[in-house]
Amino acid sequence: MRKKNFKGRCIKKTVTKAEGVCRTYDALQLAALDELERDDEIAEIRCNVVLEGSPWDAYTTDFLCKTRDGDFIAFETCLKKLLIRPQTMELLDASRNYWMRRGVEWRLIVDGESAVDA
């Protein structure tokens, strides 16, 4: 999760499953994008989706993906070393609650590990 007006360095990449250009802000997010692009179950990828209508609407979810079955899965990426920070945990929890209230499966991708179901 990042602020929607994040001013850090970004890598722009075009993938076939997303409209327009995807902006990634670290190597983990870029690697996750590549993995989602290769996943046959994923039909569509939306990058940096704003958490509209919530107290956290200044933040974005890394990826919102539509599966071939028509279901949605939200993915957040996080570096393992940042998981000990209280604010990181608060933001991840807010993202998880936001998507779960909407009936969307939520997964966390941590560097060095595969996607973890919530």
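Here are the numbers:
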{"quantity": "Residue among E76, E44 that alone is within 17 Å of D111 (Cα to Cα) and among the charged types (D, E, K, R)", "calculated": "E76"}
{"quantity": "Residue within region 71-89 that is of a type in the set (F, W, Y), under 13 Å from the mean Cα position of the chain (by Cα) and not in a strand (DSSP E or B) present", "calculated": "no"}
{"quantity": "Residue pairs meeting the criteria (Cβ under 7 Å; at least 6 apart or on separate chains; first hydrophobic (A, V, I, L, M, F, W, C), in region 2-23; second not in a strand (DSSP E or B))", "calculated": "F6/Y25; C10/Y25; I11/L30; V15/L33; V15/E37; C22/V15; C22/L33"}
{"quantity": "Matching residues, region 47-70, being among the basic types (K, R) and under 12 Å from the mean Cα position of the chain (by Cα)", "calculated": "none"}
{"quantity": "Selection count, region 11-44, where residues are closer than 23 Å to Y98 by Cβ and among the hydrophobic types (A, V, I, L, M, F, W, C)", "calculated": "8"}
{"quantity": "Test set (1) within 27 Å of T16 (Cβ to Cβ); (2) surrounded by fewer than 19 Cβ atoms within 10 Å (Cβ to Cβ) - F75 fails condition number", "calculated": "(2)"}
{"quantity": "Looking only at region 1-46, and only at residues there that are in a strand (DSSP E or B) and of a type in the set (S, T, N, Q), the one that is surrounded by the fewest Cβ atoms within 10 Å (Cβ to Cβ)", "calculated": "T14"}
{"quantity": "Test for S54: is it among the small types (G, A, S) and part of a helix (DSSP H, G or I)", "calculated": "no"}
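We did not get these values from a lab; they are worked out from the coordinates using the rules stated. Here the structure is a predicted model, which is why all the values come from computation and not from measurement. No Cβ is skipped: glycine too gets one built from the backbone with ideal geometry, and neighbour counts run over all protein chains shown.
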